[in-house]
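What follows is a set of notes on a single structure, which appears directly below.
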Amino acid sequence: MWFSQTVARELVHRAAVAEVLLTSAVRLDDDNFHVAAQIPRQHAFYGESRAPRGTNDPMLLLEAGRQACILIAHNFCSVPFGQYFIMRGLEFEVTDRAGLAVGTTPADTLLDCRITRRLRGQAGLTGLRVHCTSIVDGRNTASAAFDFSWVPKQRWNSMRAANRAKLGLPELPVAGPAPERIAAELVDRRDPYNVVISPLRTRDDHTWRTTLVIDTTHPTLFDHPLDHVPGMLQLEAFRQLAIATVHELSGTRMHTNQLSAFTVRFLGFGEFDLPNECEAVHVTAAPSAGIELRCAMTQGEQVIAEATLRLAHSEAGVDQATLPSLAGHR
């Protein structure tokens, strides 16, 4: 494995070379692969928390794993370029937070990747489930599982046209006016440009709601043109909703790097020209496990994504007096 230069950007579906995290990859056998990645000490989007600098955003390890899945499909599973990839679901957990520490150099990271399931159709291989373990400085720092598939351009166009027609939308998507952004400090951001949700609203049942802010000029979330809301934007919206909800309920300031685990399922396309509503529908708290929220994203009557997120307590701990106020909210 080597870390001296990135792989070709086409192998990980990125337009900006600066957004490529992978540096090399080798096949061990039909199901197992080692992929090298370098995690930067600072990133314009995944790395501008208001917390004291010293811990990497775990989402950088997730992004490295996501890129590894695409590389494995192209390099080792003969998936041709020009296919449209669809992320179906993600699971992620930080297993050793010490591995997230920012050192004096970028973190050379080994991704131990294993194909655990292959999906096949009449045309052959159509999808994979890949499990990745992120090893930083010898520490098994995080684990992730990715469920994804791909379709040719003609099939993609048919799927997109059918979804838009069902919603009564024109053939070509056009992003509507973006809602007001929530204050950056409430979602642990320094730059308002990196805020992706509107101010919170609440209902009588203590459900906290917000609207997704879609900014197709964002250089990380929209590294290249897309015709739908990308999964990484949906996941970031859930994280920011979780951070803001905990603050509203208890006054506790959580940080982006305190994301410790999540599961998410992507159930439908998020269209640019309709509101994408997010809600935190359940919150529980435990002094040892952290704070867990169940979230959903809806468009009209359709749930297009749902997730469970866990935020770890900081090393200094969360004021125990705030925890009872979080338990049982629905």
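The values are calculated or read from the model by the stated rules, or taken from the named source; none is laboratory data. Because the structure is a prediction, the values reported are computed rather than measured. Positions of Cβ are backbone-derived with ideal geometry, glycine not excepted, and every protein chain shown enters the neighbour counts.
Do we have any residue at all in segment 259-271 that's closer than 24 Å to PRO58 by Cα, hydroxyl-bearing (Ser, Thr, Tyr) and either at pLDDT 95 or above or not in a strand (DSSP E or B) (or both)?
Yes, there is a match, as at least one residue in segment 259-271 is closer than 24 Å to PRO58 by Cα, hydroxyl-bearing (Ser, Thr, Tyr) and either at pLDDT 95 or above or not in a strand (DSSP E or B) (or both).
State whether one or more residues within segment 213-228 are over 19 Å from the mean Cα position of the chain (by Cα), under 30 Å from THR55 (Cβ atoms) and not hydrophobic (A, V, I, L, M, F, W, C).
So far as segment 213-228 goes, no, none of its residues is over 19 Å from the mean Cα position of the chain (by Cα), under 30 Å from THR55 (Cβ atoms) and not hydrophobic (A, V, I, L, M, F, W, C).
To keep it simple, each residue is scored yes or no on (1) more than 21 Å from GLU306 (Cα to Cα); (2) touching a residue at least 24 places away in the same chain (Cβ under 8 Å).
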{"residue": "PRO199", "(1), (2)": "no, no"}
{"residue": "TRP208", "(1), (2)": "no, yes"}
{"residue": "VAL213", "(1), (2)": "no, yes"}
{"residue": "THR217", "(1), (2)": "yes, no"}
{"residue": "VAL229", "(1), (2)": "no, yes"}
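Looking for something hydroxyl-bearing (Ser, Thr, Tyr) and outside any strand (DSSP E or B) - is there at least one such residue anywhere in segment 5-19?
yes
Would you check if GLN240 is assigned to a helix (DSSP H, G or I) and more than 30 Å from ALA161 (Cα to Cα)?
Judged against the criteria, GLN240 is a match.
Which one of GLU171, GLU236, GLU180, GLU185 is of a type in the set (Asp, Glu) and at pLDDT below 95?
Going through GLU171, GLU236, GLU180, GLU185 in turn, the sole match is GLU171.
Evaluate the following for HIS206: is it touching a Lys or Arg at 6+ places or on another chain (Cβ under 8 Å) and either part of a loop (DSSP other than H, G, I, E, B) or not aliphatic (A, V, I, L, M) (or both)?
It is true that HIS206 is touching a Lys or Arg at 6+ places or on another chain (Cβ under 8 Å) and either part of a loop (DSSP other than H, G, I, E, B) or not aliphatic (A, V, I, L, M) (or both).
Any residue in segment 235-244 that is touching a helix residue (DSSP H, G or I) at 6+ places or on another chain (Cβ under 9 Å), under 29 Å from VAL20 (Cβ atoms), of a type in the set (Lys, Arg) and loosely packed, with under 13 Cβ neighbours inside 10 Å?
no
Among the numbered conditions (1) in contact with a Ser or Thr (Cβ under 8 Å, 6 or more places away or on another chain); (2) on the phi > 0 side of the Ramachandran plot, tell me where GLY138 comes up short.
Failed condition: (1).
Which residue out of ALA16, ALA98, ALA44 is in contact with a Pro (Cβ under 8 Å, 6 or more places away or on another chain) and either surrounded by fewer than 14 Cβ atoms within 10 Å (Cβ to Cβ) or not assigned by TED's automatic domain parsing to the domain that holds ILE135 (or both)?
Within the list ALA16, ALA98, ALA44, the selection yields ALA16.
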